[in-house]
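**Q** Got a structure here, written out as structure tokens. Questions coming.
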Amino acid sequence: MERIASFCVDHNTLTPGIYLSRVDGDIVTYDIRMRKPNIPPYLDNPAIHTMEHLFATYARNSAWKDRVIYFGPMGCRTGFYFLVRNMKHTDAIALIQQAFRFISEYEGEIPGTAPAECGNYREHDLAAAKREARAFLPVIRNWKEENLRY
């Protein structure tokens, strides 16, 4: 089998940030790296789960909602994948920044956490999600298109 592109990136040199992972026609995948790979602590599952619900809710209610394809966690627990269609890089970066600000300030019930809505509705941690988002905001505050390269 061919080695996939993401396994060709040297994870020993990665630092937190937003990176352009791949372009497939009009679909762009961004890697949102919140942790340096292979160096604990990794993101906790309850925080990841809550961030996923809040980011997805925010993005799918934004002006870009029709261009958002997917937001979900990396299995290594160092960040998230964000897939969009027909968006400028600058707009995707701005949406990511806005979503993380939304998460960092969120108060109230976590969207989509009823048993009928979520496959693991008990595993959420809003306080941890807010802490993670607050810690990541300074990293991406001045992120520019030229910073997207691995």
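**Q** Could you tell me which residue of the stretch 6-31 is surrounded by the most Cβ atoms within 10 Å (Cβ to Cβ), considering only residues that are more than 13 Å from Ala92 (Cβ to Cβ) and of a type in the set (A, V, I, L, M, F, W, C)?
**A** Leu14
**Q** While we're here: Out of the stretch 68-89, which residues are surrounded by 14 or more Cβ atoms within 10 Å (Cβ to Cβ), assigned to a strand (DSSP E or B) and either modelled with pLDDT under 95 or of a type in the set (Ser, Thr, Tyr) (or both)?
**A** Selection gives Tyr81 alone.
**Q** Conditions first: (1) surrounded by 14 or more Cβ atoms within 10 Å (Cβ to Cβ); (2) out of contact with any strand residue (DSSP E or B) (no Cβ under 9 Å at 6 or more places or on another chain). Ala116 passes all but one, so which condition is the exception?
**A** So the condition that Ala116 fails would be (1).
**Q** Kindly check whether there is at least one residue in the stretch 94-110 that is of a type in the set (Asp, Glu) and over 16 Å from Tyr58 (Cβ atoms).
**A** no
**Q** Please find, within the stretch 136-150, the residue that is nearest to Tyr30 (Cα to Cα) out of those that are assigned to a helix (DSSP H, G or I) and without any contact (Cβ under 8 Å) to a residue 24 or more places away in the chain.
**A** Among residues in the stretch 136-150 that are assigned to a helix (DSSP H, G or I) and without any contact (Cβ under 8 Å) to a residue 24 or more places away in the chain, the one nearest to Tyr30 (Cα to Cα) is Glu146.
The values are calculated or read from the model by the stated rules, or taken from the named source; none is laboratory data. What you see is a predicted model; the values in this text were computed from it and never measured. Neighbour counts run over all protein chains shown; Cβ positions are idealised from the backbone, glycine included.
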